Amino acid sequence: NDVRRSIASLQAEPRPQQSLQEALSSLIENKGLFHHPVPTMHDWLDTPLFVSKDHLHQVVHIVQEALLNAQRHANAQLISASLEQRDGRYLIIIEDNGQGFDVQAATQNGDAHFGLDIMTARAKQIGGALEVNSRSGQGTRIILSWPPPAPQAKPGGEQVAAALAQELFSAKKS
């Protein structure tokens, strides 16, 4: 009876992890993290987007850094983040109507904008890219883009259960 229950549990679908939309909503709704203006989130995808835990971690940290930078440095009245899919890639676009900055000067002065380097490195970790568009007095737009995650070739619960059942059956015959 215990063996059957164990095999049945292997065949059951795993509980889905948190979608990217849920993780981003939780981030933005974190009252202790964001103050005025509170960022808004727009989800333009038709279905929840599930990615690996590492991928989720990288994306959430990029978005968090971009939103916090907008709050701390931009003197913005509006900050928004949107999730969409375009040309086969996923995009998160973070925009503010703040004071903006000179992107070229910021990238040349690495100490002043170390956060941009970290966000770019995180984007590369997921096979993505980070684009920063800003001009003094005209706000900032950060675009994180990445390809859809490749399907992972892992044995499903049914194959694992069948292998376990075969092992148990062989062990009983011996």
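Assorted remarks:
- Selection within region 97-129 - buried (at least 19 other Cβ atoms within 10 Å of the Cβ) and farther than 22 Å from Asp46 by Cβ: Gly98, Gly100, Phe101, His113, Leu116, Met119, Arg122, Ala123
- Within region 41-60, the set of residues being outside any helix (DSSP H, G or I) and of a type in the set (A, V, I, L, M) comprises Met41, Leu45, Leu49, Val51.
- Residues that are part of a loop (DSSP other than H, G, I, E, B) and open to solvent by less than 80 Å² (accessible area, probe 1.4 Å), drawn from region 61-96: Ala74, Ala76, Gly88
The values are calculated or read from the model by the stated rules, or taken from the named source; none is laboratory data. These numbers come from a predicted model, not from an experiment. Cβ coordinates were reconstructed from backbone atoms using ideal geometry, including for glycine residues, and neighbour counts include every protein chain displayed. With ligands, DNA and RNA removed, areas are computed over all heavy atoms of the protein, side chains included. Shrake-Rupley method; radii C 1.70, N 1.55, O 1.52, S 1.80 Å.
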